[in-house]
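Everything on this sheet refers to the single structure shown next.
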Amino acid sequence: MGHPKQESTVPSLESDKPQGAQGEGEAASHRFDDLAAETLWDYAPAPETVSVPVADRQGLFIDGDFCPSDGKEFFPSINPANEEVLSEIAAATQADVDRAVQAARKALPGWAALPGHERAKYLFRLARRLQERAREFAVLETLDGGKPIKESRDVDIPEAAKHFFYHAGWADKLDYAFPGRQVRPVGVCAQIIPWNFPLLMAAWKLAPALACGNTVVLKPAETTSLTALRLAEILQEIELPPGVVNILTGGGETGAALAAHPKVDKLAFTGSTEVGKKLAQSAAGTGKSLTLELGGKSPNIIFEDASLDQAVEGVIQGIYFNQGHVCCAGSRLFVQEGILPEVLGKLEWRLKSLRVGDPMDKNTDVGAINNREQWQRIQDYLQQGRSEGAVLHQVGDSSLPDRGFWCQPSFFTGVQPSHVVAREEIFGPVLAVMSFRTPEEALQRANNTPYGLAAGIWTDKGSKIFEMAGRLQAGVVWCNTYNRFDASSPFGGFKESGFGREGGLQGLRAYVKLQ
Amino acid sequence: MVAMRQRTVDRVAVDQRALSFTRRSIKREAKQTGLKLALSMVDLTTLEGKDSPEKVRALCRKAICPAENYPEFPSVAAVCVYPSMVPVAVEALAGHPVRVASVATAFPSGQAPLAIRLAEVEQAVADGAAEIDMVISRGRFLAGDEKNLMSEIQEVKQACGPAHLKVILETGELETYDRVRCASDLAIEAGADFIKTSTGKVVPAATMGVTLVMLEAVRDYFLVTGKKIGVKPAGGIRTAKQALHYLVMVKETLGDSWLNPELFRFGASSLANDLLMQLVKQMKGKYMAGYDFSEA
């Protein structure tokens with residue numbers, strides 16, 4: 001089954017672009033098309049050649065062993081780049097959840113009583129083993145999730161390893177992290193993670209939990225279970241005590257059953273705000289502690305004194321990285337009025353050199369949309385944006401593969417703050433461009449959202465950075481850069497983007513009880 | 001004159017972007033084509049006090065036919081010599097498409113009175129140089145005298161007559177990307193046909209980052225005026241792999257229409273032989289020894 005071809009009615013930038021920047025009379029006559037006239041030299045296909053065998057059926061990982069699910073239900077895990085079924089994944093049942101939580105509970109006293117430096121050894125070993133098998137994990141992540149191999153190879157897997165390394169360092173230093181307090185683990189943690197960075201999110205969740213002496217039941221997202229299950233192989237290799245980490249695959253029902261389980265002490269969730277709200281309701285009054293890392297509609301603000309080419313590059317990375325499946329994606333762009341035409345021109349030009357296609361090709365910049373449901377959601381937003389009167393721009397090469405889920409990197413101009421595409425999280429490669437006149441206006445419009453995960457400021461002026469950063473309601477504010485992460489730097493949201501922090505000293509707080 | 005906005009450049013982000021071009025995977029046909037393209041863009045250069053007519057003649061032969069056993073490989077773009085060697089090079093290259101380029105204007109420091117520098121340019125052109133590589137007065141530019149930079153380039157351009165003018169910014173002495181961008185904009189506006197990074201006598205010479213800043217200046221100028229200016233990184237580019245990284249950067253910053261010797265050059269002496277080595281490896285599947293390719 002292919003997807004409908006892109007409509008050809010997408011207007012070019014020509015039609016609504018103000019004519020040239022100020023004082024540049026003839027600008028409109030020299031379009032970027034002149035530059036990209038014909039392709040003289042193109043990159044030959046450079047596919048990643050390692051083949052990673054995947055079993056036809058996957059089990060669950062409970063109490064240190066791979067085991068079949070109690071139920072008989074399986075669902076397919078699909079390669080979104082060609083819609084081929086990679087494997088059948090077990091849908092864990094209530095009974096599976098009970099078994100996993102029991103295993104975690106049983107393992108808790110022993111794991112919590114281990115001296116910190118002993119727990120650290122396991123985490124170090126885990127990190128090292130992950131590095132050794134990095135290429136295999138990168139290929140698997142790309143197969144299962146559709147993200148470019150370049151990203152899984154250079155970002156997802158190395159960052160995951162870094163997270164384990166970093167938290168291994170904390171395991172025997174918790175007394176120094178919380179001076180003067182007695183540090184105890186929270187207990188059994190239920191962790192539910194999203195499909196945009198499957199292994200990396202598993203690392204974000206597992207590393208601090210394990211370092212602090214907790215045991216875990218982890219549920220990867222329905223569409224991306226494979227790397228989490230392969231991580232279980234590593235857990236066996238490093239001889240992590242049985243039950244310390246249990247992995248259950250499944251959809252929303254499995255997640256709900258896990259979240260609602262009475263023997264769970266802590267619930268950590270990364271995903272949509274919609275699901276997050278439900279989980280918060282189910283946890284209310286149960287005594288479970290809860291951290292949520294939810295959606296975002298993060299603003300990027302470019303001032304006229306910014307280094308424009310670098311700002312545009314940052315915007316591109318901010319919204320098209322991982323097909324826009326990033327909770328902190330810079331999906332709203334505010335450009336100071338005087339430089340709007342120039343920024344749009346540069347954005348358009350840069351988009352033409354983005355390479356969309358086979359995620360397994362080392363030169364691919366933008367891969368496949370993770371799953372059909374998400375693809376449909378993005379298409380609906382594109383349609384809605386147009387019907388509300390915004391102008392859609394898709395300027396890249398429009399030839400996309402016939403099979404698989406694809407979306408051309410897109411941006412909207414003529415967007416009003418009330419438009420749905422300016423308010424709701426699209427979670428795809430779609431940018432809403434708006435302009436502003438004064439810093440105060442930029443601030444007001446940037447903060448005018450239910451979300452508050454991240455923000456970007458682009459200016460050459462230091463004082464403006466501090467002024468803006470202090471008043472933007474966002475968990476992370478990046479200045480003259482975007483999507484920068486580090487295991488030592490806390491990440492999390494304001495408002496409906498959730499609460500609790502992950503990473504750094506602050507991230508440990510959610511996984512300890514202080515006495 | 002076109003009013004250009006004063007640009008600022010973020011060094012960290014430029015270097016990061018420049019690094020991203022080195023991550024492209026260039027294999028098979030793409031590599032073969034890229035290597036040939038790079039060879040055709042080389043300005044074979046010798047700029048030493050001990051240069052002899054014999055060495056210049058050897059360089060010219062190398063320029064026409066980089067590898068005698070492989071006549072299918074393209075000639076390089078030009079031979080770049082001191083003004084005193086221009087007549088020798090013109091004679092050696094007579095009847096061939098390879099151009100004679102001459103450094104001038106008291107290369108490499110530029111520390112001579114303007115009249116003398118202009119006379120040097122006129123002499124080199126009169127002797128048959130088709131391209132002039134001038135150096136700018138970095139001292140006065142760094143002191144804030146941007147007007148002087150404009151006027152001296154304009155005068156040199158006039159002295160060049162029909163010859164193409166390459167303006168060497170000597171980016172290693174300008175230090176900041178902001179200054180590189182400013183000098184690029186001024187040189188382009190003053191009439192440069194090419195902007196060139198370095199003399200090769202100052203470290204650091206060409207880097208990916210500095211070249212990217214210059215490519216961006218060229219692109220912005222094109223978008224305003226429709227005129228295409230060339231770019232020449234010089235010094236420090238020794239390997240075929242580096243050359244391919246630069247081609248990737250040109251392709252993704254300016255587009256394919258800049259991928260020809262009229263608009264992009266490499267100022268280098270040892271690059272040509274590494275390109276040949278890799279080209280032959282592509283064809284034969286094995287490396288030749290260094291001595292299989294002639295020195296020049």
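The values are calculated or read from the model by the stated rules, or taken from the named source; none is laboratory data. Everything numeric in this text was worked out from a predicted model, so none of it was measured. Positions of Cβ are generated from backbone atoms using ideal geometry, with glycine treated the same way; all protein chains shown enter the neighbour counts.
Listed here are the residues, each with its yes/no results for (1) buried (at least 23 other Cβ atoms within 10 Å of the Cβ); (2) closer than 16 Å to A:Asn79 by Cα; (3) of a type in the set (A, V, I, L, M, F, W, C).
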site: A:Arg332; (1), (2), (3): yes, no, no
site: A:Ile339; (1), (2), (3): no, no, yes
site: A:Lys352; (1), (2), (3): no, no, no
site: A:Arg355; (1), (2), (3): no, no, no
site: A:Pro359; (1), (2), (3): yes, yes, no
site: A:Val366; (1), (2), (3): yes, yes, yes
site: A:Asn371; (1), (2), (3): no, yes, no
site: A:Gln379; (1), (2), (3): no, no, no
In segment A:402-428, how many residues are farther than 14 Å from A:Asp380 by Cβ and of a type in the set (Asp, Glu)?
-> 1
Tell me, please, whether a residue that is surrounded by 23 or more Cβ atoms within 10 Å (Cβ to Cβ) and either acidic (Asp, Glu) or on the phi > 0 side of the Ramachandran plot (or both) can be found in segment A:401-411.
-> yes
Would you confirm whether any residue within segment B:122-141 is farther than 27 Å from B:Ser52 by Cβ and aliphatic (A, V, I, L, M)?
-> yes
Pick from segment B:216-235, criterion within 15 Å of the chain's Cα centre (by Cα) and of a type in the set (Val, Ile, Thr), ranking: nearest to the other protein chains (Cβ to nearest Cβ) | B:Val218
Only one of A:Gly396, A:Gly475, A:Gly492, A:Gly498 that is crowded, with 22+ Cβ neighbours inside 10 Å and in contact with a Pro (Cβ under 9 Å, 6 or more places away or on another chain) = A:Gly475
Filter segment B:256-281 for residues that are within 14 Å of chain A (Cβ to nearest Cβ) and part of a helix (DSSP H, G or I) and give the result.
-> B:Asp256, B:Ser257, B:Trp258
Matching option when the condition is surrounded by fewer than 21 Cβ atoms within 10 Å (Cβ to Cβ) and within 15 Å of the chain's Cα centre (by Cα), among B:Arg265, B:Arg238 = B:Arg238
Looking at A:Leu308, A:Leu347, which one is in contact with a Lys or Arg (Cβ under 8 Å, 6 or more places away or on another chain), closer than 15 Å to B:Arg219 by Cβ, assigned by TED's automatic domain parsing to the domain that holds A:Phe427 and aliphatic (A, V, I, L, M)?
-> A:Leu308
Kindly indicate whether A:Gly389 is free of Cβ contacts under 8 Å to residues at least 60 places away in the same chain, buried (at least 23 other Cβ atoms within 10 Å of the Cβ), more than 18 Å from A:Thr142 (Cα to Cα) and away from chain B (no Cβ under 14 Å).
-> no
Could we say that B:Leu244 is within 14 Å of chain A (Cβ to nearest Cβ), of a type in the set (A, V, I, L, M) and closer than 20 Å to B:Ser269 by Cα here?
-> yes
Breaking point among (1) in contact with a strand residue (DSSP E or B) (Cβ under 8 Å, 6 or more places away or on another chain); (2) farther than 16 Å from B:Ser184 by Cα, for B:Ala289 = (1)
How many residues are buried (at least 19 other Cβ atoms within 10 Å of the Cβ) and under 16 Å from the mean Cα position of the chain (by Cα) when one looks only at segment A:478-489?
-> 3
Could you please find all residues in segment A:270-291 being within 16 Å of A:Val186 (Cα to Cα) and hydrophobic (A, V, I, L, M, F, W, C)?
-> A:Ala283, A:Leu290
Name the pairs whose Cβ atoms lie under 6 Å apart, with the first residue in segment B:199-211 and closer than 18 Å to B:Val81 by Cβ, the second aliphatic (A, V, I, L, M), and 6 or more positions between them or separate chains?
-> B:Thr199/B:Ile168; B:Gly200/B:Ala234
Over segment A:55-112, the set of residues under 26 Å from the mean Cα position of the chain (by Cα) and within 20 Å of A:Glu239 (Cα to Cα) is A:Gly59, A:Leu60, A:Phe61
